[in-house]
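Student: Here you go, one structure.
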Amino acid sequence: MKQRTISIALLGHGTVGRSVYRIIQENHDRFVENIRQRTGQTVDPQIIGVLVSDLKKHSELGAIATTDPTRLLEQDVDILIELIGGQSPATELMTKALSSGIDVVSANKQAIFSSQGKLEKIARDHHVSFHYEAAVAGAIPILRSVKSLVSGRITKIEGILNGSTNYILTQVAQGVSLDKALQQASDRGFLEADPSSDVDGFDAMYKLGILTYLATGRYPGEDDIERVGITGLSPDEIEQAGLADKKYKLIASADFETGRYSIKPVALESDHDLYRVDGALNGISLWHEHAGGLFFQGAGAGGDETASAVVGDLIDAICLRILRCQHD
Ligand code: HSE
């Protein structure tokens, strides 16, 4: 009997997009088996199209590469993976997909935060699923963890949510110049297309906003979050902190008791949970009414690391789609 194909459209073939594409190709049989165990159905997940900015630069993709997102979405797509980043056209494309009955997986913290819950509502209204684990803290399954803590209130979240600035601060503390550290972060694929999003704290702000939504059911507005980037910190201040056994980190903090939200550089004492979270790692401390204190740490940026969260969401989306279709 012919297996049902699950058609996947991939928007973006940059650092994360390439990793997602490769991991899906290399692990096809593992995914088929995982889906079969979870749903009882054997399906064939296939990437049917990849949106790229320049066909010549992605010639290895052959005929499935396209520069036309509208034509891509007009194919019989079951699941869209959105990895182009930025607010527009990503928001419009996700809106179109969700409204057309396509499940969406995204890593786009900016578009998700900026839509302030509208994308989630469109997904609910159209009975499709919308997943974005990769939008916050890369490989760390933090959104799943926050969602599962429904037994009581989360009172506070404090974390390092931006891998590139953590990498830069770690390098500068070790004597590397700011320019060189920035270049290294860029070479490793940690920075956003517009690096000011990282160094000015926007990226961490979007992520803290998404965590707040999952913890409280409400997105804070941009004006509700105090935001200070790392550009005001001098190498001398970073060095002085080191001499005093402290480390500067860009700390994202949400206190749900007082309603105070901030992104700002803090010189952490050596006994702080986040003190040893160095390089491109992210770390998150969370306090919960019943669970107590929890601590998460892992890769916050990078192709394969972020792709791990995207692919986890993809397999969930496929399973949910199969189970939903069984009852339609
Ligand atoms: N630019 C982001 C960071 C990538 O440095 O954390 C991962 O979201």
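The values are calculated or read from the model by the stated rules, or taken from the named source; none is laboratory data. Given the structure is predicted, the values throughout are model-derived calculations rather than measurements. No Cβ is skipped: glycine too gets one built from the backbone with ideal geometry, and neighbour counts run over all protein chains shown. Heavy atoms of the whole protein, side chains included, go into the accessibility calculation; ligands, DNA and RNA do not. Shrake-Rupley method; radii C 1.70, N 1.55, O 1.52, S 1.80 Å.
Student: Quick one: in the stretch 108-131, which of the residues that are within 16 Å of the ligand (Cβ to nearest atom) and over 17 Å from GLY298 (Cβ atoms) is nearest to the chain's Cα centre (by Cα)? Don't jump to the end; show me each part of the working.
Tutor: Residues of the stretch 108-131 within 16 Å of the ligand (Cβ to nearest atom): 108-114, 131.
From the residues that got through so far, the ones that are over 17 Å from GLY298 (Cβ atoms) too are 108, 110-114, 131.
Details: ASN108: 6, GLN110: 10, ALA111: 11, ILE112: 10, PHE113: 11, SER114: 14, HIS131: 10 Å.
By that ranking, first place goes to ASN108.
Student: Turning to a different aspect of this structure: Helices (runs of 4 or more DSSP H) wholly in the stretch 56-144 with at least 3 residues that are touching an Asp or Glu at 6+ places or on another chain (Cβ under 9 Å), within 30 Å of THR216 (Cβ to Cβ) and among the aliphatic types (A, V, I, L, M) - which ones?
Tutor: Because the criterion is at least 3 residues that are touching an Asp or Glu at 6+ places or on another chain (Cβ under 9 Å), within 30 Å of THR216 (Cβ to Cβ) and among the aliphatic types (A, V, I, L, M), the helices (runs of 4 or more DSSP H) in the stretch 56-144 that meet it are 90-99.
Student: Condition (residue is part of a loop (DSSP other than H, G, I, E, B) and within 12 Å of the ligand (Cβ to nearest atom)) applied to the stretch 230-246: is it met by at least one residue? It would help to see each step written out before you state the result.
Tutor: Taking the stretch 230-246 as the starting set, the residues that turn out to be part of a loop (DSSP other than H, G, I, E, B) are 230-234, 244-246.
Add one more test, that the residue is within 12 Å of the ligand (Cβ to nearest atom), and what stays is 230.
Checking the stretch 230-246: at least one residue is part of a loop (DSSP other than H, G, I, E, B) and within 12 Å of the ligand (Cβ to nearest atom).
Student: When the residues of the stretch 147-166 are filtered to those that are open to solvent by 70 Å² or more (accessible area, probe 1.4 Å) and not charged (D, E, K, R), which remaining residue is nearest to the ligand (Cβ to nearest atom)?
Tutor: Looking at the filtered set, the residue picked out is SER148.
Student: Something else now. Specify the residue that is most open to solvent (accessible area, probe 1.4 Å); the eligible residues are those in the stretch 301-320 that are among the hydrophobic types (A, V, I, L, M, F, W, C) and away from the ligand (no atom under 13 Å from the Cβ). Before you say what the answer is, go through the steps one by one.
Tutor: Step one: filter the stretch 301-320 for residues among the hydrophobic types (A, V, I, L, M, F, W, C), giving 301, 307, 309-311, 314-315, 317-320.
In the following step, the residues that additionally are away from the ligand (no atom under 13 Å from the Cβ) were identified as 311, 314-315, 317-320.
Values: VAL311: 11, LEU314: 3, ILE315: 11, ALA317: 0, ILE318: 0, CYS319: 6, LEU320: 84 Å².
Step by step, filter the stretch 301-320, then rank; the result is LEU320.
Student: Could you tell me whether any residue of the stretch 252-261 is on the phi < 0 side of the Ramachandran plot, within 16 Å of the ligand (Cβ to nearest atom) and not in a helix (DSSP H, G or I)?
Tutor: Yes; the residues of the stretch 252-261 include at least one that is on the phi < 0 side of the Ramachandran plot, within 16 Å of the ligand (Cβ to nearest atom) and not in a helix (DSSP H, G or I).
Student: Across the stretch 217-229, which residue is nearest to SER197 (Cα to Cα) among those that are open to solvent by less than 40 Å² (accessible area, probe 1.4 Å) and not in a strand (DSSP E or B)?
Tutor: The residue in question is GLY229.
Student: Something else about it: Assuming ARG276 fulfils every condition listed in (1) assigned to a loop (DSSP other than H, G, I, E, B); (2) modelled with pLDDT under 95; (3) open to solvent by 50 Å² or more (accessible area, probe 1.4 Å) apart from one, which condition is it?
Tutor: That leaves (2) as the condition not met.
Student: For the stretch 285-297, state whether one or more residues are polar (S, T, N, Q), open to solvent by 30 Å² or more (accessible area, probe 1.4 Å) and within 16 Å of the ligand (Cβ to nearest atom).
Tutor: Within the stretch 285-297, one or more residues are polar (S, T, N, Q), open to solvent by 30 Å² or more (accessible area, probe 1.4 Å) and within 16 Å of the ligand (Cβ to nearest atom).
Student: For the stretch 192-216, give me each residue that is without any contact (Cβ under 8 Å) to a residue 40 or more places away in the chain and open to solvent by less than 30 Å² (accessible area, probe 1.4 Å).
Tutor: ASP198, VAL199
Student: Checking ALA134 against (1) near the ligand (Cβ under 10 Å from one of its atoms); (2) loosely packed, with under 15 Cβ neighbours inside 10 Å, which test does it fail?
Tutor: Among (1) near the ligand (Cβ under 10 Å from one of its atoms); (2) loosely packed, with under 15 Cβ neighbours inside 10 Å, ALA134 violates only (2).
Student: Can you pull out the residues in the stretch 177-189 that are within 14 Å of ALA280 (Cβ to Cβ) and either at pLDDT below 95 or open to solvent by 30 Å² or more (accessible area, probe 1.4 Å) (or both)? Show your work before the answer.
Tutor: Keep residues of the stretch 177-189 that are within 14 Å of ALA280 (Cβ to Cβ), which gives 181-182, 184-189.
Residues satisfying the conditions are LEU182, GLN184, SER186, ASP187, ARG188, GLY189.
Student: In the stretch 68-97, how many are within 21 Å of ILE24 (Cβ to Cβ) and open to solvent by less than 80 Å² (accessible area, probe 1.4 Å)?
Tutor: Count: 16.
Student: What tally of residues in the stretch 303-328 results from selecting those that are at pLDDT below 95 and under 18 Å from ARG18 (Cβ atoms)?
Tutor: Of the residues in that region, 0 qualify.
Student: From the list ASP194, ASP198, pick out the single residue that is within 12 Å of the ligand (Cβ to nearest atom) and part of a helix (DSSP H, G or I).
Tutor: Result of the check over ASP194, ASP198: ASP198.
Student: Regarding SER270, is this residue free of Cβ contacts under 8 Å to residues at least 40 places away in the same chain and not in a strand (DSSP E or B)?
Tutor: Yes; evaluated as a whole, the condition is true for this residue.
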